[in-house]
1. Take the cross-link list LYS141/LYS189; LYS177/LYS275; LYS177/LYS225; LYS161/LYS225 and give me the ones stretching past 22 Å between alpha-carbons.
2. Can you tell which of VAL71, VAL196, VAL237 shows the greatest fluctuation in a Gaussian network model of the chain with Cα springs below 10 Å?
3. Along each of the three principal axes of the Cα atoms of segment 120-255, give the extent in whole Å, ordering the values from largest to smallest.
4. Divide by every residue of the chain the summed helix terms, -39500 (n - 2.57) for each DSSP H run of at least 4, and state the resulting mean residue ellipticity at 222 nm, rounded to the nearest 500 deg cm²/dmol.
5. Could you compute how fast segment 183-322 diffuses translationally, taking Rh as the Kirkwood radius over C-alpha pairs and applying Stokes-Einstein at 37 °C with viscosity 0.692 mPa s? Give it in µm² per second.
6. Under 15 Å Cα to Cα from LYS285, which aspartates and glutamates show up? Leave out anything in the same chain fewer than 8 places away.
7. State the Cα centre-to-centre distance between segment 64-84 and segment 142-162 in whole Å.
8. I'd like the GluC sites (Glu not before Pro) in segment 137-233 restricted to DSSP loop residues with at most 15 other Cβ atoms within 10 Å, sorted by number.
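Every number here is computed from the coordinates shown, using simple stated rules; none is lab data. None of the values given here were measured: they were computed from a predicted structure. All Cβ positions, even for glycine, are placed from backbone atoms using ideal geometry, and neighbour counts span all protein chains on display.
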Amino acid sequence: MKKIAITTLAATALLFGVNGATAAEEKYVTIGTGGQTGVYYVVGQSICKLVNRGEKEHGIKCTAPSTGGSVANLNAIRAGEQDMGVAQSDQQYKALNGQGDFEAAGPFKELRAVFSVHPESFTVVARKDSGIKTFDDLKGKRVNIGNPGSGQRATIEALMKEKGWDTSVFKLASELKAAEQAQALCDNKIDAMVYVVGHPNGSIQEAASSCESIVVPVDGPAVDKLVEQFPYYATSVIPGGMYQGTDKDTPTFGVMATFVSSTKTPDGTIYEVVKAVFDNFDRFKKLHPAFANLDPKRMMKAGLSAPLHDGAVKYYKEKGWM
């Protein structure tokens, strides 16, 4: 009886010891996203959904709150306030090199790429009664240029700089968040809104179905120069018929949505996140129409300026992709 009691106590102590170690090793990670109507929010929520399915095995609990977007996410990762985040490829490049919104902080050398996601088009949506048919027609109009820290704000400012514009060319330059601008457009508080986003997009569908609006072409010499000068930009086309009121293909330019972290986030954590996505890739692709044509091997390279995180490299090598 004494032997049985001692054995039972030892087994119980071992069990609690193991459970205690598991509890101690539980990790909570945060992924920065964007506005709740945008694809960035879906990206973060989708990744967390797959990570959390395997929580019992790896002990990682993932959350993906709505944030201000690309620039805000990169700054939060640098400050240690977020572990990972979604960012436009141009903002990844600028953060790494200390340019644009990141000039004052200097180069973010600890920034690490994990993978790219979907292509994103710079999209201008205007009220049909506004008379706006080209990007240049935005002059003298009420335009939502996006909240500070968002990717759309950074992109329109890059294009405006190329054209020699500042916000004084607009009758109004509002700073609404992505989730607020479709309602403002339909309430006739603004004439046009801009968005850098994957398609189809819920906010643009809302604007197209709730009030008469059109997707406006964004092309010409200034766009051509941006694409030629900066490797993270590329011309793109928004397919006709995707949104009510816009039947023809709309030329524009865009970037890639990228998933990033820093050297502060442990290799093992990034490895498990990458594994959760690519081991369940068919499931991931079904979580949003913008993911339908994703190719894992292209996601390792497209739009990535920062070095790959060592945790991601470990997984890609295991798969024989590098």
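1. Working: LYS141/LYS189 11 Å; LYS177/LYS275 33 Å; LYS177/LYS225 28 Å; LYS161/LYS225 12 Å.
Flagged as over cut-off: LYS177/LYS275; LYS177/LYS225.
2. VAL237
3. 38, 32, 26
4. The helix-only estimate for the chain comes to -12000 deg cm²/dmol at 222 nm.
5. Once the numbers are plugged in, D ends up at 184 µm²/s.
6. ASP295
7. Going from one Cα centre to the other spans 19 Å.
8. Taking segment 137-233 and a limit of 15 other Cβ atoms within 10 Å, the loop GluC sites (Glu not before Pro) found are GLU175, GLU212.
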